[in-house]
Amino acid sequence: MPIDNLGNTHFSDEQKEGIQEALAQIFALTESLAVNITAKERSKYGKVGEKGKLLIDKVKSYHESQPNLKSPEVDWVEFENDYQDRVFVSGILAQLQSLEERVLSIKILRDYDNKTNALRDYQYAKYKNRFASEVGYEGKINELKVFFPKTGKTKKKD
């Protein structure tokens, strides 16, 4: 096995199945809350920003510490439910971002390993075609060399 194999631990079938089941369960649990909004709506409603979040926190604080100052036009039960959902979802998003980074790193290493081995296999086919003249290698090389366009430039070795 080549020494450059960076992703040498792999998902077991049980891990793959467990991850797929967990994701399916998350999708099922969020189905009733999911709303597809257009890009225009996302732009319109997504402009809360950091100052807006600070405003929300300050109004919540006033509502809790000085309820006599609260507006009667605000549904405070709904406000609190929205706030708690926002806090909960923010935590989920942080975990998902961490998971995305972890999964992306796994993918990057697997892609690197696959490409390294694909290049190694291509070089082997060229070697076998040149020195062993075995049947099949020339066709393989012709199909693979489309991935190596000649640009007229050579790589500089540092």
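The values are calculated or read from the model by the stated rules, or taken from the named source; none is laboratory data. Nothing here was measured: the structure is a model prediction, and the numbers come from that model. Here the Cβ is made from the backbone with ideal geometry for all residues, glycine too, and neighbour counts use every protein chain on show.
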>> Given the options LYS58, LYS44, name the one that is surrounded by 10 or more Cβ atoms within 10 Å (Cβ to Cβ) and modelled with pLDDT of 95 or more.
In response: LYS58
>> Cβ contacts < 9 Å: first residue without any contact (Cβ under 8 Å) to a residue 24 or more places away in the chain, restricted to the stretch 53-78; second residue assigned to a helix (DSSP H, G or I) and acidic (Asp, Glu), any location; separation 6+ or different chain. Result?
In response: LYS60/GLU80; HIS63/GLU80
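Is it fair to say VAL74 is hydrophobic (A, V, I, L, M, F, W, C) and part of a loop (DSSP other than H, G, I, E, B)?
On the way: hydrophobic (A, V, I, L, M, F, W, C): yes; part of a loop (DSSP other than H, G, I, E, B): yes.
Yes.
I'd like to verify a number: residues in the stretch 13-36 that are β-branched (Val, Ile, Thr) and farther than 19 Å from GLU100 by Cβ, how many? Outline the logic, then answer.
Initially, the stretch 13-36 is screened for residues β-branched (Val, Ile, Thr), giving 19, 26, 30, 35.
After this cut, where a residue has to be farther than 19 Å from GLU100 by Cβ as well, the list is 35.
Number satisfying all stated conditions: 1.
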> When both residues are 6+ apart or on different chains and their Cβ atoms are under 7 Å apart, which pairs have a first residue that lies in the stretch 97-112 and is of a type outside the set (A, V, I, L, M, F, W, C), and a second that is not in a helix (DSSP H, G or I)?
Replying inline: ARG110/GLY7; TYR112/LEU6
> Has the stretch 79-100 got at least one residue that is of a type in the set (Lys, Arg), out of contact with any Cys (no Cβ under 9 Å at 6 or more places or on another chain), assigned to a helix (DSSP H, G or I) and surrounded by 10 or more Cβ atoms within 10 Å (Cβ to Cβ)?
Replying inline: yes
> What is the number of the single condition among (1) surrounded by fewer than 11 Cβ atoms within 10 Å (Cβ to Cβ); (2) of a type outside the set (Gly, Ala, Ser); (3) more than 30 Å from ALA34 (Cβ to Cβ); (4) out of contact with any Lys or Arg (no Cβ under 7 Å at 6 or more places or on another chain) that GLU134 does not meet?
Replying inline: (4)
>> Criterion first (aliphatic (A, V, I, L, M) and modelled with pLDDT of 95 or more) does LEU6 satisfy it?
In response: no
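The rows are residues; the columns are (1) of a type in the set (Phe, Trp, Tyr); (2) at pLDDT below 95; (3) not in a helix (DSSP H, G or I).
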{"site": "TYR122", "(1), (2), (3)": "yes, no, no"}
{"site": "ALA125", "(1), (2), (3)": "no, no, no"}
{"site": "ASN129", "(1), (2), (3)": "no, yes, no"}
{"site": "GLU134", "(1), (2), (3)": "no, yes, yes"}
{"site": "LYS140", "(1), (2), (3)": "no, no, no"}
{"site": "LEU144", "(1), (2), (3)": "no, no, no"}
{"site": "PRO149", "(1), (2), (3)": "no, yes, yes"}
{"site": "GLY152", "(1), (2), (3)": "no, yes, yes"}
{"site": "LYS157", "(1), (2), (3)": "no, yes, yes"}
> Does at least one position in the stretch 23-45 carry a residue that is closer than 30 Å to LYS115 by Cα, of a type outside the set (Val, Ile, Thr) and in a helix (DSSP H, G or I)?
Replying inline: yes
